[in-house]
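First comes the structure, then the notes that go with it.
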């Protein structure tokens, strides 16, 4: 019987999240507690990369973390971003997030339609002469930059933030019946926090093939994974699992 679930993501901002439907429908407690957190690199660390942001004419944002850390670091280094610089964002939602830092209506902003990283490529090819800067995490995929290389696009990767373990305190309870992970970093954090972790009857669920592979590689039992053709989201998979096991 599953009574308490840890979802290793921040609490949803909307009450319409499917997680709240799951709580009501299956009478379970869901705790939102990330195993990892993002922190900005220091100005000194960034300067050591010998990158001049103002040498670039366009910025590519793939996440809100990239936007936050880009503007925070620029402010700390007293870099004033020109109004005519172009922004390319993976989704419209992420593009609107830029408003947190600049006047959106004065900016040239482009965004993809599907949320897939490759969806940005046709837009970038229409602006092939731009010099692109990509704010990145210390751990990132090369899928997108491989695409840019293949098309001869001029770009610079800059490490502006890193993913670190969000450590548990000694008095923080860890009494969950199910753990839900979304990245290999979450699995690494679990083992860092609990080096002698014994899974026993705890159910481990994952989203994404890389996360599932990390669970198995760590010698843990993978009980539930998404996406699948039947369950494209982790909440759909959870709902189906609880229907069977919480009876």
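The values are calculated or read from the model by the stated rules, or taken from the named source; none is laboratory data. Computed from a prediction, not measured in an experiment: that's the story for all the values here. Here the Cβ positions follow ideal geometry from the backbone for every residue, glycine too, while neighbour counts run over all protein chains shown.
Residues in segment 114-127 that are in a loop (DSSP other than H, G, I, E, B) and either within 18 Å of the chain's Cα centre (by Cα) or surrounded by 11 or more Cβ atoms within 10 Å (Cβ to Cβ) (or both): 114, 115, 116, 127.
Here is a yes/no grid of residues against (1) at pLDDT 95 or above; (2) surrounded by 21 or more Cβ atoms within 10 Å (Cβ to Cβ); (3) farther than 28 Å from residue 244 by Cβ:
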| residue | (1), (2), (3) |
| --- | --- |
| 164 | no, no, yes |
| 173 | no, no, no |
| 178 | yes, yes, no |
| 196 | no, no, yes |
| 199 | yes, no, no |
| 206 | yes, yes, no |
| 210 | no, no, no |
| 218 | yes, no, no |
| 223 | yes, no, no |
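Of everything listed in (1) modelled with pLDDT under 95; (2) within 23 Å of residue 141 (Cα to Cα); (3) more than 18 Å from the chain's Cα centre (by Cα), the single unmet condition for residue 85 is (2). Note on segment 175-247: enclosed strands (runs of 3 or more DSSP E) holding 2 or more residues that are touching a residue at least 60 places away in the same chain (Cβ under 8 Å) and touching a strand residue (DSSP E or B) at 6+ places or on another chain (Cβ under 9 Å) are 178-181.
Among the residues of segment 31-62, the ones that are over 28 Å from residue 193 (Cα atoms) and free of Cβ contacts under 8 Å to residues at least 40 places away in the same chain come to 7 in all. Does residue 28 satisfy the criteria of being closer than 30 Å to residue 191 by Cα, in contact (Cβ under 8 Å) with a residue 60 or more places away in the chain, over 25 Å from the mean Cα position of the chain (by Cα) and crowded, with 18+ Cβ neighbours inside 10 Å? Yes, satisfied. Return a yes/no flag: does segment 137-148 have any residue that is surrounded by 19 or more Cβ atoms within 10 Å (Cβ to Cβ), in contact with a strand residue (DSSP E or B) (Cβ under 9 Å, 6 or more places away or on another chain) and either without any contact (Cβ under 8 Å) to a residue 12 or more places away in the chain or over 26 Å from residue 184 (Cα atoms) (or both). Within segment 137-148, none of the residues are surrounded by 19 or more Cβ atoms within 10 Å (Cβ to Cβ), in contact with a strand residue (DSSP E or B) (Cβ under 9 Å, 6 or more places away or on another chain) and either without any contact (Cβ under 8 Å) to a residue 12 or more places away in the chain or over 26 Å from residue 184 (Cα atoms) (or both).
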